[in-house]
Amino acid sequence: MTIYSLYIYDRHCACVYYQDWHRTKQPKRAGEGGILNAVSQAVSPLTPDGAAPTPSAFTSPRNTLSSTTGLVVAIGEDPPVQDPVEHARSSTLPFDEEAKLVYGVILSLRNMVKKLSGRDEQFTSYRTSTYRLHLYETVSGYKFVMLSDAATEGLRFVLRQIYNGPFLDFVVRNPLVPMDSQVQGIDNDYFRASIDRLIRGLSVFN
Amino acid sequence: MQPAPANALSTLADPPTRMVDGAVMDYFLIEAVNALRVSSAVAAARAKKIERDMAEAGLLPPPPPAKQQNPRDSTSSTTGKIMGSVEEEESIRSRLEAIGMHVGGNFAERLCRDRSLFSDSLDAIKFVCKELWVSCWDKQVDNLRTNHRGVYVLQDNAFKPIARISSWEGRQEALRRAKLYVALPAGIIRGALSRIGFHGTVVPEITTLPQCTFQIKLPKNT
């Protein structure tokens with residue numbers, strides 16, 4: 001029982017935040033202009049002079065699976081799971097395409113559910129043989145998407161906790177994070193650290 | 001049965017006045033800084049335009065010719081940019097402090113309603129550290145130092161207005177930008193002190209987030 005990754009999308013359909021805990025293959029960096037500025041240190045495009053973006057002060061102590069250059073391959077992973085998105089292509093997708101793919105999936109499923117059952121039904125999660133995707137959507141248009149292993153139930157509650165806790169505290173009430181901007185994401189130190197603490201404190205995490 | 005301790009009862013009977021809603025204050029400060037930034041830019045642009053118009057009409061001596069931006073001379077262009085933004089920051093900061101002074105004065109009126117006159121400046125500073133801090137930021141000051149000659153240093157280890165400031169660009173950048181958000185609290189302190197009769201200056205300083213110190217200089221004759 002474990003949690004793979006978290007994506008946050010805003011109401012402009014752009015990915016504004018990404019964090020992962022277990023991935024078989026590291027995400028490939030997005031191309032120039034592919035994703036917004038402050039989404040995640042690990043997947044931002046490299047600056048033109050070739051240097052990696054300045055590493056954030058937060059590095060999780062037990063995170064052996066990713067470094068700031070994103071080149072470490074996962075080792076010691078329990079049941080060998082393929083990240084679901086990787087199945088689509090044989091080579092790794094750059095991150096911006098991967099984010100768009102995930103967004104497309106949830107948008108289509110959401111629209112289909114609304115058409116089938118009426119406006120009161122909400123798409124919450126879907127499960128395949130290897131993973132499960134949970135969606136929590138806020139009234140303001142923010143979509144929290146979490147990927148976990150197939151056996152985990154009910155992570156919608158966790159997503160709601162993330163919204164009520166770290167998101168409200170360190171994104172909404174943080175003067176330095178532009179909320180509805182179309183050019184910048186919402187990544188920052190405190191937010192990343194508090195989400196990490198919350199997720200690692202869950203009983204379903206490993 | 002043991003009687004409940006006296007101060008617990010008295011806090012129940014007479015709860016400290018909470019003047020500020022924390023969440024509303026955060027949102028207000030965010031919007032206020034953005035609005036003031038835009039307003040200062042407009043005011044500065046307007047002043048420059050008036051200067052230029054007057055210079056063209058011959059009323060003012062023409063402004064000194066702007067330094068030719070030598071594309072290969074990187075130092076002069078960066079200092080020019082930095083000076084411009086420092087001036088802007090300074091004007092936003094002084095406006096925030098002025099707003100804070102009005103607010104602080106009125107807070108002091110409300111909070112001092114039932115108490116006796118202040119005996120000396122140390123008494124006034126203690127009032128600030130306890131009652132003003134509790135009513136605005138829900139805690140007391142963590143450390144007070146003085147040189148007994150009119151200079152007081154108040155230290156708060158987890159100052160509420162800057163407790164959530166965190167930037168994608170790292171700690172240094174967050175620290176630099178946080179300086180603007182303590183201008184309003186500094187104004188509140190200064191306004192409260194000046195309304196109760198102690199006119200001085202308050203200088204905020206942030207060494208590490210979220211720790212903040214305020215250096216208060218009061219005149220020596222009290």
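The values are calculated or read from the model by the stated rules, or taken from the named source; none is laboratory data. As the structure is a prediction and not an experimental result, all values here were calculated from the model. Cβ: placed from backbone, ideal geometry, glycine included. Neighbour counts: every protein chain shown.
Kindly indicate whether any position in segment A:68-85 is modelled with pLDDT under 85, assigned to a strand (DSSP E or B) and within 27 Å of A:Ser44 (Cα to Cα).
No - not one qualifying residue is present in segment A:68-85.
Are there any strands (runs of 3 or more DSSP E) wholly within segment B:114-222 with 2 or more residues that are in contact (Cβ under 8 Å) with a residue 24 or more places away in the chain, within 14 Å of chain A (Cβ to nearest Cβ) and surrounded by 21 or more Cβ atoms within 10 Å (Cβ to Cβ), and if so which?
No strands (runs of 3 or more DSSP E) qualify here.
Just to be sure I understand, how many residues within segment A:168-183 are hydroxyl-bearing (Ser, Thr, Tyr) and either closer than 16 Å to B:Ala174 by Cα or facing chain B (nearest Cβ under 10 Å) (or both)?
Adding up the residues that qualify gives 0.
List the pairs whose first member sits in segment A:155-173 and is in contact (Cβ under 8 Å) with a residue 24 or more places away in the chain, whose second member is surrounded by fewer than 16 Cβ atoms within 10 Å (Cβ to Cβ) and in a helix (DSSP H, G or I), and whose Cβ atoms are under 7 Å apart, counting only residues at least 6 apart or on separate chains?
Going by the 7 Å Cβ cut-off, the qualifying pairs are A:Gln161/A:Leu198; A:Ile162/A:Leu198; A:Gly165/A:Leu198; A:Pro166/A:Leu198.
Which pairs have Cβ atoms under 9 Å, sit 6 or more apart or on different chains, and link a residue in segment A:103-116 that is of a type in the set (Ser, Thr, Tyr) to one that is surrounded by 14 or more Cβ atoms within 10 Å (Cβ to Cβ)?
A:Tyr103/A:Tyr7; A:Tyr103/A:Tyr9; A:Tyr103/A:Ala14; A:Tyr103/A:Cys15; A:Tyr103/A:Lys143; A:Tyr103/A:Val145
More than 14 Å from chain B (Cβ to nearest Cβ), in contact with a helix residue (DSSP H, G or I) (Cβ under 9 Å, 6 or more places away or on another chain) and exposed (fewer than 15 other Cβ atoms within 10 Å of the Cβ): is that true of A:Thr128 in this structure?
Yes: the conditions hold for A:Thr128.
For every residue, the table says whether it meets (1) of a type in the set (A, V, I, L, M, F, W, C); (2) touching an Asp or Glu at 6+ places or on another chain (Cβ under 6 Å); (3) at pLDDT below 90; (4) part of a loop (DSSP other than H, G, I, E, B).
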position	(1), (2), (3), (4)
A:Leu101	yes, no, no, no
A:Ile106	yes, no, no, no
A:Arg110	no, no, no, no
A:Tyr126	no, no, no, no
A:His134	no, no, no, no
A:Ala151	yes, no, yes, yes
A:Gly165	no, no, no, no
A:Leu176	yes, no, yes, yes
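How many of the residues making up segment B:175-192 are more than 10 Å from the chain's Cα centre (by Cα) and at pLDDT 90 or above?
2
Could you list, in sequence order, the residues of segment B:103-113 that are over 18 Å from B:Leu218 (Cβ atoms) and assigned to a loop (DSSP other than H, G, I, E, B)?
Once the filter is applied, which keeps residues that are over 18 Å from B:Leu218 (Cβ atoms) and assigned to a loop (DSSP other than H, G, I, E, B), segment B:103-113 yields only B:Arg113.
Under 6 Å between Cβ atoms, at least 6 apart or on separate chains: pull out the pairs that start in segment B:15-29 with a residue that is in contact (Cβ under 8 Å) with a residue 24 or more places away in the chain and end on any residue that is among the β-branched types (Val, Ile, Thr).
Listed pairs, sorted by first residue: B:Pro16/B:Val134.
Could you check, for segment A:193-206, whether at least one of its residues is in contact (Cβ under 8 Å) with a residue 12 or more places away in the chain, farther than 29 Å from B:Arg164 by Cβ and in a strand (DSSP E or B)?
no
Any idea which of (1) closer than 22 Å to B:Ala23 by Cβ; (2) within 12 Å of chain B (Cβ to nearest Cβ) is the one A:Gly141 doesn't satisfy?
Of everything listed in (1) closer than 22 Å to B:Ala23 by Cβ; (2) within 12 Å of chain B (Cβ to nearest Cβ), A:Gly141 misses just condition (2).
Can you find, within segment A:184-206, the residue that is nearest to B:Glu31 (Cα to Cα) among those that are among the hydrophobic types (A, V, I, L, M, F, W, C) and within 12 Å of chain B (Cβ to nearest Cβ)?
A:Ile186
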